[in-house]
C-alpha cells in the first residue's frame, strides 16, 4: 500500500517578530506583526519600509524579489549590528527563511549560525530572549526538514528550557516551540507525545489569542495531520476544516498558506475514500502553489505526489507514474536524495510498479526507500514498517508464482 503521510501537514505555527506564518510546512513570515515595522530605528525609516515590503513579498511567494531586498537590508545593517542587534537579528532571520524556502538549506544554516552568534553577544532583554527562541525554532525546523530529527529535538528542548527561564508564561514562544517539537515527534512516529504537545499548545494559544484567531489555524492543521498519520482520517477532518476556515478568513482564498490547509484537508478526505472531492481539493491547492512559487517548488512536488496517489486509486497508472516521477525529482532537488520524504515517493512508485507486474522495478524502489527509512527513522516507524511489508509481500508473490 502507498504511504499517505504528506509533509504538507507540517504547517508551522510560528509568529515571529518578523511576522506570522505557520512548516512548513512548514514556518515563515507572511504578515508583519504589530510592532515589527516600528522596531527599525527612526533614522532608518527607509529600511523599515523595505523590511515591510520584503516580508510581504516573502509571504506571497515572491522569493527572488524578497532575496534581493533582503541582501540590501543586510548590507545596510552590517555596520549597525552591535548597536541595533534586534533589527539585525530580525533581518537575519528573514534572510534564513527565504534561503530555506528557495531550497538553499546550507545558506539558511549559515545564516542561522550567524543569527544565534549575534543574539548570544547581545545584551539580555525580553526582546532578545524572544528572538533567541524564534531563532532556535527556525533552526530546529530546518534540521527536521533535513531528516536530522534527534538534533531538532535537542534544539527544541533546550529552547523550551530557556524560554521558561526568560519569558512570561503567556508568551507565544512557548506554544510555538511546543508545536515544533510535536512536529518532530509526529515525524518520528511518537504520536502520543505529539498529541499531548499539540493540545497543550492549542490551549495556551487559545487562552492568549481567543478561539477565532487566525494564528490557531496552524495548530488545527497539525492536529488534523497527526490524525492522518495515525490513520484516523474522519477524526482529523474537523480540525483540518477549521484550519481552512480560520486561514481563508484572514488571508483570502488564494494565499499559499490557505493552499497548504486545503491540501491537508484533501489528504483526510482521500483517506475516507472520497476520491473525486479529494482530487478537486488537491488541484485547487496545486494551482495556488504554482501561481505563487512556480512549477518546481517543493510544495508543488508534494501536491503532485498526492494527486498521483488519487489517480492510481482511480485506475490511471500512466498519469500517476508521471506525477510520482515529477514529485520525486522535485523532492530530491529540495531535500537531497536521502530524506524520508524522498523515501515516501520511492515507496509509492514501488506500489505502482508492483500493481503493474513490474516486480524488478518495484523491488528496486522499495529497497531504495527502505535504505532511506533505515537511516532516518526508528525501527517501529509506520513508514519503515509499511515499506518492509510491501517488499515482503512482493517477494512472497514471487515465491508463490515460482512454485
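The values are calculated or read from the model by the stated rules, or taken from the named source; none is laboratory data. Because the structure is predicted, anything quoted here is derived from the model rather than measured. Don't worry about glycine lacking a Cβ; one is built from the backbone with ideal geometry, like all the others, and counts go over all protein chains shown.
Quick check: anything in region 109-128 within 20 Å of the chain's Cα centre (by Cα), buried (at least 24 other Cβ atoms within 10 Å of the Cβ) and under 28 Å from residue 188 (Cα atoms)? Checked region 109-128: at least one residue is within 20 Å of the chain's Cα centre (by Cα), buried (at least 24 other Cβ atoms within 10 Å of the Cβ) and under 28 Å from residue 188 (Cα atoms). Just checking, does region 267-279 include any residue being over 19 Å from the mean Cα position of the chain (by Cα), outside the structural domain of residue 144 (by TED's automatic domain parsing) and part of a loop (DSSP other than H, G, I, E, B)? Scanning region 267-279 turns up no residue that is over 19 Å from the mean Cα position of the chain (by Cα), outside the structural domain of residue 144 (by TED's automatic domain parsing) and part of a loop (DSSP other than H, G, I, E, B). Is it true that residue 154 is under 24 Å from residue 219 (Cβ atoms), in a loop (DSSP other than H, G, I, E, B) and at pLDDT 85 or above? So residue 154 does not fit the description; no.
Among the residues of region 68-82, none qualifies, meaning not one is touching a helix residue (DSSP H, G or I) at 6+ places or on another chain (Cβ under 7 Å), crowded, with 19+ Cβ neighbours inside 10 Å and not in a helix (DSSP H, G or I).
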